[in-house]
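Derivation of every value follows stated rules applied to the coordinates shown; laboratory data play no part. Everything quoted here is computed from the prediction, not taken from an experiment. FYI the Cβ positions are ideal-geometry reconstructions off the backbone, even for glycines, and counts take in every protein chain you see.
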Amino acid sequence: MTDTHSSDRDAADAGGRSFETIAIHAGNTADPLTGAVVPPIYQVSTYKQDGVGGLRGGYEYSRSANPTRTALEENLAALEGGRRGLAFASGLAAEDCLLRTLLAPGDHVVIPNDAYGGTFRLFAKVVSRWGVEFSVADTSDPAAVRAALTDRTKAIWVETPSNPLLGISDIAALGAVARSAGARLVVDNTFASPYLQQPLALGADVVVHSTTKYMGGHSDVVGGALIVNDPDLGEELAYHQNAMGAVAGPFDAWLVLRGIKTLAVRMDRHSENATRIAEMLSTHPRVTRVLYPGLPEHPGHETAAKQMKAFGGMVSFQVEGGEEAAVAVCDRAKLFTLGESLGGVESLIEHPGRMTHASAAGSPLEVPADLVRLSVGIENSADLLADLRQALG
Ligand SMILES: *Cc1c(COP(=O)(O)O)cnc(C)c1O
């Protein structure tokens with residue numbers, strides 16, 4: 001694990017190593033027994049003790065700790081420039097653990113008006129039943145977030161870029177708002193990944209990931225993560241992770257660790273392909289609006305350019321003809337697979353209003369009916385452009 005808290009976007013660890021190198025090596029020490037260059041999948045629940053309490057390497061029971069998960073957790077901490085990383089069974093399991101660690105009945109959280117539908121559902125339908133209050137604010141406007149604070153605000157939650165509207169929030173500005181209120185800034189960094197954006201270095205207190213997405217990168221695993229710098233908060237989270245039990249299993253941890261090794265090259269290609277697609281869409285006669293932070297006309301473009309290395313692989317757009325037309329575009333796509341989720345090497349298309357964000361209908365997080373969301377993969381960009389052109393008709 002690294003102690004670096006660098007403000008450089010091309011963050012380097014304490015040994016001066018750069019992101020691509022950390023991604024491949026952090027946590028990936030050769031197996032002491034055999035020299036295997038990749039951490040083995042320790043598919044095991046319990047560990048032989050050398051006399052009562054005589055643990056080998058601290059391992060006792062795999063809910064508490066497992067060597068494959070440890071490898072991933074060290075890697076995650078290093079990638080985000082944090083002191084502590086924790087791996088969970090899903091992104092929502094990580095969020096649930098974080099909320100139950102940070103909050104008590106009567107506490108208040110500011111949440112974004114654009115976010116992953118499941119995050120909103122967790123606040124609106126689950127933690128609210130336990131007396132946690134929340135306000136919805138436009139987190140792209142730090143003044144709106146400040147106005148939403150109460151004397152019980154314990155956390156400000158932000159997703160940047162956001163899902164599915166690709167809104168951009170200024171992490172450094174919101175970090176200052178959070179500090180002035182004695183609250184913690186939580187950044188869901190799923191869309192950017194630590195290769196493109198490093199929230200802890202910008203002033204965030206907690207980074208959340210659905211490792212299901214870009215970190216895993218191959219649509220073959222569901223997982224989540226939390227990364228923090230504050231060692232006391234790290235201990236509290238680890239306590240709750242063990243007490244609540246929604247840990248990443250050894251094989252899932254291994255798959256995420258494997259995916260991360262190619263994160264940097266994948267994100268470069270995702271960003272290149274998405275830029276080409278956003279540019280094509282912005283001149284297409286049937287497209288009324290393109291939402292991609294890489295486009296100069298995007299309202300968050302300048303902030304994104306300041307805090308991100310590139311603009312990522314997610315593109316949303318609105319089409320002429322309303323909901324039926326948007327659904328028809330999704331149905332006609334062939335190379336873009338119609339499906340939920342994102343961040344894999346293969347391109348996906350979906351209709352957020354009826355699919356990923358159906359649970360936000362009627363709420364302040366409801367999404368436009370004519371919206372289509374793309375997770376742009378790393379296929380050949382000419383093939384992707386041709387498929388979208390035919391799907392738009
Ligand atoms: C998918 C997603 C989540 C939830 O993660 P799961 O692994 O599906 O539980 C949280 N935030 C964002 C931005 C996501 O895209």
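From the phi angles alone, apply the Karplus equation (6.51, -1.76, 1.60; θ = phi - 60°) to the stretch 160-175 and give each ³J(HN,Hα) in whole Hz, x where the residue is Gly or Pro.
Taking θ as phi minus 60°, the curve returns 8, x, 8, 10, x, 8, 6, x, 10, 10, 7, 4, 5, 5, 6, x Hz for the stretch 160-175.
With respect to the cross-link table entries LYS213/LYS334; LYS261/LYS309; LYS154/LYS309; LYS213/LYS261, which display a Cα-Cα separation exceeding 23 Å?
LYS154/LYS309
If packing is taken as the average number of other Cβ atoms within 10 Å across a peptide's residues, how do 34-44, 314-324, 196-206 rank, most packed first?
Sorting 34-44, 314-324, 196-206 by mean packing, highest first, produces 196-206, 314-324, 34-44.
If amide hydrogens are placed 1.01 Å from N in the peptide plane, which non-local residues have theirs closer than 5 Å to the one on ALA137?
The answer is ILE111, ASN113.
As I understand it, the value is the acute angle between the Cα axis of helix 231-244 and the longest principal axis of the Cα atoms of the chain; what does it come to in degrees, rounded to 10?
For 231-244 against the chain, the angle is about 90 degrees.
Any idea what the dipole of the chain comes to, in debye rounded to 20, about its Cα centre with Lys/Arg Cβ at +1 and Asp/Glu Cβ at -1?
380 debye
Long-range amide H contacts for ARG184: which residues qualify at under 5 Å (H placed 1.01 Å from N, peptide plane, sequence gap of 5 or more or a different chain)?
Long-range HN contacts for ARG184: ALA155, ILE156.
Calculate one ³J(HN,Hα) per residue across the stretch 36-46 by plugging θ = phi - 60° into the Karplus curve 6.51 cos²θ - 1.76 cosθ + 1.60, and present them in order as whole Hz with x for glycine and proline.
Once rounded to whole Hz, the list reads 3, 7, 10, x, x, 7, 7, 7, 8, 9, 9.
Would you calculate a helix-derived [θ] at 222 nm for the chain, using -39,500 (n - 2.57) for each DSSP H run of n ≥ 4 and dividing by the full residue count, to the nearest 500?
Computed ellipticity for the chain at 222 nm equals -10500 deg cm²/dmol.
How much FRET efficiency would the formula 1/(1 + (r/R0)^6) give for GLU323 and SER45, where r is the Cβ-Cβ distance and R0 is 45 Å, rounded to 0.05?
My answer for the efficiency is 0.40.
Putting +1 on Lys and Arg Cβ atoms and -1 on Asp and Glu Cβ atoms, find which of MET280, GLY223, LEU166 reaches farthest to the positive end of the dipole of the chain.
GLY223
Which of the peptides 272-279, 327-334 is most tightly packed, and how do the rest follow, going by the mean number of other Cβ atoms within 10 Å of each residue?
Order by mean packing, descending: 272-279, 327-334.
Using the eigenvalues of the Cα gyration tensor, what equivalent ellipsoid semi-axes result for the stretch 61-202 when each is taken as the square root of five times the eigenvalue, whole Å, largest first?
25, 19, 14
Using 0.36 nm per residue of separation minus the Cα-Cα distance, give me the extension gain between HIS25 and ASP138 in nm, one decimal.
36.8 nm
Put a dot 7 Å past each Cα toward the Cβ at GLU60 and LEU338; how far apart are the dots in nm?
That separation, rounded to one decimal, is 5.2 nm.
With r defined as the distance between the Cβ atoms of ARG100 and ALA147 and R0 fixed at 25 Å, what FRET efficiency is calculated, to the nearest 0.05?
0.40
For SER316, what residues show an amide H to amide H distance below 5 Å, using hydrogens built from the backbone and excluding near sequence neighbours?
LEU291, LEU374
Among GLY27, LEU255, SER193, whose Cα lies farthest out toward the positive end of the dipole of the stretch 12-260, if unit charges sit on the beta carbon of Lys, Arg (+1) and Asp, Glu (-1)?
My answer, from the dipole projection, is LEU255.
Pick out, from ILE111, LEU55, PRO368, the residue whose Cα sits farthest towards the positive end of the charge dipole of the chain, with +1 on the Cβ of Lys and Arg and -1 on the Cβ of Asp and Glu.
It is LEU55.
Across the stretch 127-144, in residue order, what do the Karplus-derived ³J(HN,Hα) couplings come to in whole Hz, using 6.51 cos²θ - 1.76 cosθ + 1.60 with θ = phi - 60° and x for Gly and Pro?
Result, rounded to whole Hz: 5, 5, 5, 9, x, 8, 9, 9, 10, 9, 9, 7, 6, 6, 10, x, 5, 5.
Please compute one quarter of the surface area of the Cα convex hull for the stretch 12-260 and express it in square nanometres.
One quarter of the hull surface, i.e. the mean projection, equals 13.8 nm².
Using 0.36 nm times the number of residues separating LYS125 and ALA361, minus their current alpha carbon distance, what extension gain do you get?
83.6 nm
Restricting things to alpha carbons, find the Rg to Rh ratio for the stretch 264-392 using the Kirkwood radius for Rh.
Rg/Rh for the stretch 264-392 comes to 0.95.
Specify whether the C-alpha gyration tensor of the stretch 315-370 places it in the rounded, prolate or oblate class, a ≥ b ≥ c being the square roots of the eigenvalues: rounded for a/c under 1.5, otherwise prolate if a/b is larger than b/c and oblate if not.
Oblate.
Compute the FRET efficiency between GLU279 and VAL38 as 1/(1 + (r/R0)^6), taking r as their Cβ-Cβ distance and R0 = 45 Å, and round to the nearest 0.05.
0.70
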